[in-house]
Amino acid sequence: MKIYYLAFLLVSTLSFSQTKKEKTFVGYEPIMWNTDKNGNKTNVDFENPKQKWYHKNILKIKKDSVFLDRIPVSKIGNKTLYSASDGAFYYYKGILIKENNQTKIELTEIDCDYCAVLISKNKNEVIPKRKLYGKITQEGIEVNNVKINEIEYSEFLLRSETLKGN
């Protein structure tokens, strides 16, 4: 009887485990939320001048679908620190568009955690969802003027992959 339980456990584990690692593309976009003494925008944390803030852009392409998570991180040297709430978490879904020997990316925001929300005084006004545009070239991927060229492999789904588009 023990052999049947062991076989069932082994088959169940192999059947329901996500073990395939998928390629994701990564780029860092400075979060320019502070102003220095000269009036210039900066991503330096004034409480810790060695710490700089970024949105880590994690992009995944599946067939003609594109998913992008923009999560806030700070860096001190080579060390990356992940934020629990500072900096806002943006989630986008989109498509690849192939035309005139170019591959373009069109993304629409589907959710955002810890984000400021634009509210109209006119209750009937529909505020359009934020869109981002990008392209894939021989030099790599660029979305919203951010180069997304580093490659990571992950066995986890992006949050934008699991959200329903509104």
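For Ile141, the amide hydrogen comes within under 5 Å of the amide hydrogens of Ile148, counting only partners 5 or more places away or on other chains and with H modelled in the peptide plane.
Lys135 to Ser65: extension gain in nm, 0.36 nm per residue of separation minus the Cα-Cα distance?
On the way: separation 70, 0.36 × 70 = 25.20 nm, distance 1.35 nm.
This chain segment gains 23.8 nm when fully extended.
To test your reading of the geometry: what angle, between 0 and 90 degrees and rounded to tens, separates the Cα axis of helix 2-16 from the longest principal axis of the chain? The helix 2-16 is inclined about 30 degrees to the chain. Sequence-ordered 3J(HN,Hα) estimates for segment 49-65 from the Karplus curve with 6.51, -1.76 and 1.60 and θ = phi - 60° stand at x, 7, 9, 10, 9, 9, 9, 7, 8, 10, 10, 10, 10, 10, 6, 9, 9 Hz, glycine and proline given as x.
The charge dipole of the chain, taken about the Cα centre with unit charges on the Cβ atoms of Lys, Arg (+1) and Asp, Glu (-1), comes to about 180 debye, rounded to the nearest 20. Restriction of the trypsin sites (Lys or Arg not before Pro) in segment 46-104 to DSSP coil positions whose beta-carbon has at most 13 other beta-carbons within 10 angstrom yields Lys63.
Phi-derived couplings, Karplus 6.51 cos²θ - 1.76 cosθ + 1.60 at θ = phi - 60°, listed residue by residue for segment 33-39: 10, 10, 10, 7, 5, 8, x Hz, with x used for Gly and Pro. Accessible area ranking (1.4 Å probe, heavy atoms, ligands and nucleic acids excluded), largest first, for Val44, Val117: Val117, Val44.
Excluding the site residues themselves, the longest part of the chain lacking any GluC sites (Glu not before Pro) in a DSSP loop with at most 15 other Cβ atoms within 10 Å is 48-124.
Computed 3J(HN,Hα) for segment 137-144, one whole-Hz value per residue from the Karplus formula 6.51 cos²θ - 1.76 cosθ + 1.60 where θ = phi - 60°, is 10, 5, 7, x, 10, 9, 10, 6, glycine and proline marked x. Of the chymotrypsin sites (Phe, Trp or Tyr not before Pro) found in segment 95-166, those in coil by DSSP whose Cβ has at most 12 other Cβ atoms within 10 Å are Phe156.
The values are calculated or read from the model by the stated rules, or taken from the named source; none is laboratory data. The structure displayed is predicted, hence computed values, not measured ones. With ideal geometry, Cβ positions are generated from the backbone for all residues, glycine too; neighbour counts draw on all protein chains shown. Note: accessible area is taken over every heavy atom of the protein model, side chains too, but ligands, DNA and RNA are not part of it. Shrake-Rupley method; radii C 1.70, N 1.55, O 1.52, S 1.80 Å.
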